[in-house]
Amino acid sequence: MGVSISRRTVITVVVFLTSLVILTTSILMFISRYSNKVATVHTVVGFIFLSFAIWHAVNNYGPLKKYLSPRSLFVLRSKYALSSLVAIVFSTGLLVLAIIEFEPFKAFHQWGTKLRLTDDSAIKGVSSFHYKLLDVGGDSFGRDIKIDFKVGSSFHWPQYAIWVEKLDGSFVQPLFVTGSVATNSFNNKVWLADKSTILKSNPFDNIGFKFESLFSEQYDESANNNKFRPESLPVFLHKINRHGLNGGDSSGGEGVGLDAYTGATVLDNYLMSQKIEDQSTDKYNVFFEINQSFDFNEYYSSDRFPDDEVYSGDGFSAQPSVIYRTQIDFSSPTTLYPMSIVGHGHHSGQDGLIDTNVENMTTALTIVDRIIVDIR
């Protein structure tokens, strides 16, 4: 007599074991910093669990159909009516409350965020992970705000700006602007040694960042090599131009008057302290725009827009700026607000609009690992 395999036993045991793994990885992902290993296990085992759950549903199609049939749900004399309705209302209710960020759920998520931010286990023994502390606000008056910035895998030499707006889109103030953007001092003039070269990836990826191997560089501090670059941070530059914070316009002119919010590009993780001077409301949108030259890809190649003098010029803007945003609320018990990507700027800075389609963006999306706004 041969040994038979019970499908019910296989499904039950696999679903039970995979659910234990998913429970464990879910807890780890909730309380600990991001780990590729944990995320990989969670994803792979999750799909295994899902496939067996579907198999289980197929094998139990008859009972499921009976539980969810109109007769079972709406005929109160049915022995399944109350149980099925309770299950549906409970599941739907949890989903809706989570989507609308019902306060207990939001507070629970916030608690997890704090646990992850204070977890040092993921960085023990990694000497390269550290923060620079920047106090930009100084003794200025206003409400405290901190920016927790962690560089990503594609971070090399970007320009970036952080600013605050009201919910109606009106500009409030900058929080930080890199020096080259704020003072319009893009002094390095760069050009291709061989103008026929078409770039479809970061040219330094294959030459060890040896600048002179592919490009020639001239820098003469006494010469007037400055060039206004609206393509650097088009959303931010158009925004400040519209609000009279710039001596010129979006097509060129004098540098922006942002001395109080300006600093050198920080090439490391940092925790920046600043103050929001406006106190006319509790809710604000915080924006972060970042851009990095030379990060070409298959779509944003050096020959993508041959008739665009800015894109095809000597700025090598490549992939356009990436825009992050979050909404903060000083009246809410929530104090930590992760920023998320909402789109990109124009590839040659022709307008200040945010394009939400980022499907052609690649390495530009990994310049930043994470940005968290802290209003504690």
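Quick notes on this one:
- On inspection, Ser35 passes the criterion of being under 30 Å from Ile372 (Cα atoms) and modelled with pLDDT under 70.
- Pairing each residue of the stretch 89-106 that is surrounded by 10 or more Cβ atoms within 10 Å (Cβ to Cβ) with any residue that is small (Gly, Ala, Ser), provided the two are 6+ apart or on different chains, yields C-beta distances under 7 Å for Phe105/Ala98.
- Some residue of the stretch 282-299 being surrounded by fewer than 16 Cβ atoms within 10 Å (Cβ to Cβ) and touching an Asp or Glu at 6+ places or on another chain (Cβ under 7 Å): yes
- Filtering the stretch 1-32 to residues that are closer than 22 Å to Pro338 by Cβ, at pLDDT below 80 and either of a type outside the set (S, T, N, Q) or more than 36 Å from the chain's Cα centre (by Cα) (or both) leaves Met29, Phe30, Ile31.
- Here His42 meets each of (1) at pLDDT below 80; (2) within 22 Å of the chain's Cα centre (by Cα) with one exception, condition (1).
- When Ser78, Ser72 are screened for being surrounded by 14 or more Cβ atoms within 10 Å (Cβ to Cβ), modelled with pLDDT under 70 and either part of a loop (DSSP other than H, G, I, E, B) or of a type in the set (D, E, K, R) (or both), only Ser78 passes.
- In the set (1) within 30 Å of Asp369 (Cβ to Cβ); (2) at pLDDT 80 or above; (3) polar (S, T, N, Q), Ser91 fails one condition alone, (1).
- The criterion of at least 2 residues that are touching a Leu at 6+ places or on another chain (Cβ under 7 Å) is met by the following strands (runs of 3 or more DSSP E) wholly inside the stretch 280-374: 283-291, 368-374.
For every residue, the table says whether it meets (1) surrounded by fewer than 14 Cβ atoms within 10 Å (Cβ to Cβ); (2) at pLDDT 85 or above; (3) in a loop (DSSP other than H, G, I, E, B).
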{"residue": "His130", "(1), (2), (3)": "yes, no, yes"}
{"residue": "Gly138", "(1), (2), (3)": "yes, no, yes"}
{"residue": "Phe141", "(1), (2), (3)": "yes, no, yes"}
{"residue": "Asp144", "(1), (2), (3)": "yes, yes, no"}
{"residue": "Phe149", "(1), (2), (3)": "no, yes, no"}
{"residue": "Ile162", "(1), (2), (3)": "no, yes, no"}
{"residue": "Asp168", "(1), (2), (3)": "yes, yes, yes"}
{"residue": "Leu175", "(1), (2), (3)": "no, yes, no"}
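- Looking across the stretch 336-372, the residues that are of a type in the set (S, T, N, Q) and buried (at least 17 other Cβ atoms within 10 Å of the Cβ) come down to Ser348, Gln350, Thr362, Thr363.
The values are calculated or read from the model by the stated rules, or taken from the named source; none is laboratory data. Nothing here was measured: the structure is a model prediction, and the numbers come from that model. Positions of Cβ are generated from backbone atoms using ideal geometry, with glycine treated the same way; all protein chains shown enter the neighbour counts.
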